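The values are calculated or read from the model by the stated rules, or taken from the named source; none is laboratory data. Please read all numbers here as calculations on a predicted model, not as lab measurements. Ideal geometry is used to build each Cβ from the backbone, glycine not excepted, and the neighbour counts take in all protein chains shown. Note: areas computed on protein heavy atoms with side chains; ligands, DNA, RNA excluded. Shrake-Rupley method; radii C 1.70, N 1.55, O 1.52, S 1.80 Å.
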Amino acid sequence: MQVLVGTTNPSKVRRFQDLLHDYDVEFLTLKDKNISQSPPETGSTPEENARIKARFYGNFFDVVLCNDSGLYFDALPLSDPRQPGLQIRTPQGRERLDDEAMIAYYADLVRSLGGRVLAYYLDGIAVYYKGVLTSFMESRESARGSAFYMVDTPSPQRHIGWPLDSLSLNRTTLAYFTEQGNLQYDESEETSRLGPYRERLTRFLVQALHIDSGNSK
């Protein structure tokens, strides 16, 4: 089956390809469908923004998958204007930052907070399937379970589409997310922390996209 992912970011597509690698799913991007329009993201949570995008792109394709993320620093109250939240690329009302500008901005922010902070992402996922909209978001408490360190000294290596990987360290190994062979978490962490979350997210995607045994490879 074909699924339109509401993004132009190849790294986001690879994430869903990895989650559904056992199924016969072809992911298309906005570029593949020549879609240049985008909705205003007025939600107050990643889940709300994902739903807004999925509903909007449902005007162009029958099966749509969208996600939105918020970045949070444990060192800052949620009400602090420096808290990135949903404005990861437009912090504190700035114009949209490109990848290198993001790295520079967040390196300066982390430096002002002591050089290393505990951070976590909160993801919202939404699926539009032939007129039906469903969504998924992990709790903030669960998201903290996969927290990592963000530091003020960037790695020289880059992950296209995920610039902040160059500032992010595995909390256990202290390896940059961009280092060769580092998948953000070692095997024990993947099993105890990310494993259950990936299982829940994959189960949601299989159900929301109506993937059955006939779609498995």
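With Phe61, Phe56 as the choices, which residue is open to solvent by less than 40 Å² (accessible area, probe 1.4 Å) and out of contact with any His (no Cβ under 6 Å at 6 or more places or on another chain)?
Numbers: Phe56 fails: open to solvent by less than 40 Å² (accessible area, probe 1.4 Å).
Selected residue: Phe61, the only one of Phe61, Phe56 that is open to solvent by less than 40 Å² (accessible area, probe 1.4 Å) and out of contact with any His (no Cβ under 6 Å at 6 or more places or on another chain).
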All positions within the stretch 112-132 that are surrounded by 16 or more Cβ atoms within 10 Å (Cβ to Cβ) and either in contact (Cβ under 8 Å) with a residue 60 or more places away in the chain or aliphatic (A, V, I, L, M) (or both): Val117, Ala119, Leu122, Asp123, Gly124, Ile125, Ala126, Val127, Tyr128, Tyr129
I'd like to check something: does the stretch 73-84 contain any residue that is open to solvent by less than 50 Å² (accessible area, probe 1.4 Å), touching a residue at least 24 places away in the same chain (Cβ under 8 Å) and within 28 Å of Thr8 (Cβ to Cβ)? yes
Any idea how many residues of the stretch 30-59 are at pLDDT below 95 and in contact with a helix residue (DSSP H, G or I) (Cβ under 6 Å, 6 or more places away or on another chain)? 2
Of the residues that make up the stretch 41-61, is at least one out of contact with any Ser or Thr (no Cβ under 6 Å at 6 or more places or on another chain), in a loop (DSSP other than H, G, I, E, B) and closer than 14 Å to Leu209 by Cα? yes
Is it the case that the stretch 119-126 has a residue that's modelled with pLDDT of 95 or more, β-branched (Val, Ile, Thr) and under 13 Å from the mean Cα position of the chain (by Cα)? yes
Here the residues within the stretch 178-192 that are buried (at least 17 other Cβ atoms within 10 Å of the Cβ) and either at pLDDT 95 or above or assigned to a helix (DSSP H, G or I) (or both) are Glu189
Could you please give the count of residues in the stretch 138-177 that are in contact with an Asp or Glu (Cβ under 9 Å, 6 or more places away or on another chain) and open to solvent by 60 Å² or more (accessible area, probe 1.4 Å)? 9
When (1) touching a Lys or Arg at 6+ places or on another chain (Cβ under 9 Å); (2) within 29 Å of Tyr128 (Cβ to Cβ); (3) surrounded by fewer than 16 Cβ atoms within 10 Å (Cβ to Cβ) are applied to Cys66, the one that fails is (3)
Of all strands (runs of 3 or more DSSP E) completely enclosed by the stretch 108-162, which ones contain at least 3 residues that are of a type outside the set (A, V, I, L, M) and in contact with a strand residue (DSSP E or B) (Cβ under 8 Å, 6 or more places away or on another chain)? 116-129, 132-137
Could you tell me which residue of the stretch 1-20 is surrounded by the most Cβ atoms within 10 Å (Cβ to Cβ), considering only residues that are of a type outside the set (D, E, K, R) and either without any contact (Cβ under 8 Å) to a residue 12 or more places away in the chain or touching a Lys or Arg at 6+ places or on another chain (Cβ under 7 Å) (or both)? Gly6
